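> One structure, pasted below without further comment.
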Amino acid sequence: MSEFEKNPPLTHVAIIMDGNGRWAKKRLLPRVAGHNAGMMAMKEIVRRSAELGIKYLTVYAFSTENWKRSDEEVGGIFRLLVKYVDSELAEITKNNVRVRVMGDYSPVPAPARESLEKALETTADNDGLVFTIALNYGSRAEITRAVKSIAKDVKSGVIAPEDVTEQLISSRLYTGEENGNIPDPDLIIRTSGEERLSNFMLWQSAYSELEFTDVLWPDFTPEVFEKMLEEYGHRERRFGGRK
């Protein structure tokens, strides 16, 4: 692939895309304008990830807490999702990118839900970059969902309590069997200067490397992205072991 295949190996990058609202506020623009600029940044990062040979890219697009925002902003976000799929699906397909969704997107407005399903269906046979959109996603809800699924099987006798392992729990998460067993992120990036995970991939991030940048998401260019990947390349991952 590129220099990023060197030790430590880099297979899966996850990004908490933060700062759209602040970007818009600095420019005296409505928040939706920030989300539009953020969508353009996301398009470029997907393209560059595919070019670099990264196998998995996951972006935190809409959390379970984001419903608390104004109806205007929430509606604008989902309209942009439709716009993104309509404008980019042909290129995504041409670049052999496979789209997946992580989260319960059933409450999403119908036009956005239909666009997502179109992207999932159209790219289902692609075997290049796996681009996962975390939508109406929250990690605690994800883990709770997995535990309920396992508890149901224990109650019905399908599995015994002693059969519950970390591997079984992982398989019931959104990144598990239903999405082709996406590996845990090697690197999680958060933009805009905030330094927390905000309920994102809490189980999967147990041994992920974390990088934070003050750059607001709409200003997060492929060049900034590559610099952060290079920084990752200088780290040594021990997974709890000793050198």
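The values are calculated or read from the model by the stated rules, or taken from the named source; none is laboratory data. Only a predicted model underlies this, so the values are computations on that prediction, with no experimental measurement involved. All Cβ positions, glycine included, derive from the backbone under ideal geometry; neighbour counts span all protein chains shown. Heads up: the accessible areas ignore ligands, DNA and RNA and are worked out on the full protein's heavy atoms, side chains in. Shrake-Rupley method; radii C 1.70, N 1.55, O 1.52, S 1.80 Å.
> Can you tell me which of Ser139, Ser192, Ser171 is on the phi > 0 side of the Ramachandran plot and open to solvent by less than 80 Å² (accessible area, probe 1.4 Å)?
Residue meeting the stated conditions: Ser192.
> Are any residues in segment 111-125 open to solvent by 30 Å² or more (accessible area, probe 1.4 Å) and not in a helix (DSSP H, G or I), and if so, which ones?
If the condition is that a residue be open to solvent by 30 Å² or more (accessible area, probe 1.4 Å) and not in a helix (DSSP H, G or I), then Ala124, Asp125 are the ones that fit.
> Also, I was wondering about something else. Arg242 - would you say it is in a loop (DSSP other than H, G, I, E, B), open to solvent by less than 60 Å² (accessible area, probe 1.4 Å), modelled with pLDDT under 95 and farther than 23 Å from Glu44 by Cβ?
No; evaluated as a whole, the condition is false for this residue.
> Same structure, new question: Of the residues that sit in segment 195-233 and are small (Gly, Ala, Ser) and open to solvent by 30 Å² or more (accessible area, probe 1.4 Å), which one is nearest to Leu135 (Cα to Cα)?
Once the filter is applied, the top-ranked residue is Ser198.
> Okay, moving on. Out of all the residues in segment 164-193, which are closer than 18 Å to Val13 by Cβ and touching a Gly at 6+ places or on another chain (Cβ under 9 Å)?
Tyr174, Ile182, Thr191, Ser192 - these are the residues of segment 164-193 that are closer than 18 Å to Val13 by Cβ and touching a Gly at 6+ places or on another chain (Cβ under 9 Å).
> Something else about it: Name the residue that is farthest from Gly34 (Cα to Cα), counting only residues in segment 77-103 that are small (Gly, Ala, Ser) and surrounded by fewer than 19 Cβ atoms within 10 Å (Cβ to Cβ).
Per the criteria, the residue is Ala90.
> List the number of the failed condition for Arg235; all other conditions in (1) outside any loop (DSSP other than H, G, I, E, B); (2) in contact with an Asp or Glu (Cβ under 7 Å, 6 or more places away or on another chain) hold.
All conditions pass for Arg235, except number (1).
> Scan segment 19-46 for residues that are part of a loop (DSSP other than H, G, I, E, B) and surrounded by fewer than 21 Cβ atoms within 10 Å (Cβ to Cβ) and jot them down.
Result: Arg27, Leu28, Leu29, Pro30.
> Sticking with this one: I'd like to verify a number: residues in segment 145-154 that are open to solvent by 10 Å² or more (accessible area, probe 1.4 Å) and within 19 Å of the chain's Cα centre (by Cα), how many?
Selection size over segment 145-154: 1.
> Among the residues of segment 48-60, is there at least one that is closer than 17 Å to Trp217 by Cα and either at pLDDT below 95 or surrounded by fewer than 18 Cβ atoms within 10 Å (Cβ to Cβ) (or both)?
yes
> Another question, then. Among the residues of segment 195-204, are any within 18 Å of the chain's Cα centre (by Cα), touching a residue at least 24 places away in the same chain (Cβ under 8 Å) and not in a loop (DSSP other than H, G, I, E, B)?
No, every residue in segment 195-204 fails to be within 18 Å of the chain's Cα centre (by Cα), touching a residue at least 24 places away in the same chain (Cβ under 8 Å) and not in a loop (DSSP other than H, G, I, E, B).
> Here's another thing I want to ask about it. Looking at (1) touching a residue at least 60 places away in the same chain (Cβ under 8 Å); (2) under 16 Å from Thr58 (Cα atoms); (3) of a type in the set (A, V, I, L, M, F, W, C), which one does Leu120 not meet, given that it meets all the others?
Failed condition: (1).
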